[in-house]
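**Student:** Mind having a look at this structure? Questions to follow.
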Amino acid sequence: MAIDRQGTALAVLRICIGVFFVFEGLGKIRWFVDSSILAATFAEWSRSAAPGSIMHTYLERVAIPGVAIFARLVPLGEISCGVALIAGFMTPLFAFVAFFMALNFQIGSGAVFKFSFLTSGYGLPVLGSTLALVLAGAQARAKKPPKAPPRTG
C-alpha cells in the first residue's frame, strides 16, 4: 500500500499549526474578562509607530477602537481555528481565518515591517503554514479511510 506523502505532510503541518493556535488562544484567555490587557499592548505599539505609517493608521482606525471586541474574538478565534485544524474540519476556511488573524497581529505590532520578521517563529512560519493549508484546499483536510469493497461469493 502506497503512502500519500503529500497528504501526510499536510496533516502533520495542519495538526502542528493547530496545536500552536490552541495554545496561543489559551494564553490569551484572560482577555475575555479584562480587555485592558490588549488595550495596553495596542497603546504600546501605537507609541512606537511612526505617525502616518500603515501600522499607526491600522492601530488608530481599527485595532484601538475595536479593542473590546478583539479581546474576545482573538482568543476565541485562535482556539477555534486550532481545534478545527487539529480535527481537519473545514481546513481551508479555518486556515484562512488563522492566516488573517496572524497577519493582523504582524501588521498591528509592526513586526512585518522589520528584518526580524524574517527570522521570527511567529512571522513567516505561521503565515506560510496557514497560507499553505489554504492553498492546499481539500487535500489538507482529514481524510477518511476508503471503504472496503463489498464481499461477493
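**Student:** Can you give me the convex hull volume of the Cα atoms of the chain, divided per residue and expressed in Å³?
**Tutor:** Residue-normalised Cα hull volume stands at 123 Å³.
**Student:** Which residues does a label at ILE15 reach in region 66-95, if reach means a backbone N under 17 Å from a point 7 Å past the Cα toward the Cβ?
**Tutor:** Flagged as within label range: 82-91.
**Student:** Per residue of region 14-24, what does 6.51 cos²θ - 1.76 cosθ + 1.60 with θ = phi - 60° give for ³J(HN,Hα)? Whole Hz please, x for Gly and Pro, Karplus curve as stated.
**Tutor:** Per-residue couplings from phi come out as 4, 5, 5, 6, x, 4, 4, 5, 4, 6, 4 Hz.
**Student:** For all pairs of alpha-carbon atoms in region 9-83, what percent lies in each bin of width 10 Å, listed from the first bin to the last filled one?
**Tutor:** Binned Cα distances yield the sequence 20, 37, 29, 13, 1.
**Student:** If the elastic network links every pair of Cα atoms under 10 Å, which of ALA63, ALA132, ALA50 fluctuates the most in the Gaussian network model of the chain?
**Tutor:** Greatest mean-square fluctuation among the candidates belongs to ALA50.
**Student:** Here's something else I'd like to know. For a paramagnetic label modelled at 7 Å from the Cα of LYS114 toward its Cβ, which residues of region 25-64 fall within the zone defined by backbone nitrogen distances under 19 Å?
**Tutor:** Output list for this probe position: 38-60.
Laboratory data are not the source of any read-out in this text; all were calculated from the coordinates shown. Since the model is a prediction, treat every value here as computed from it, not as a measurement. Positions of Cβ are generated from backbone atoms using ideal geometry, with glycine treated the same way; all protein chains shown enter the neighbour counts.
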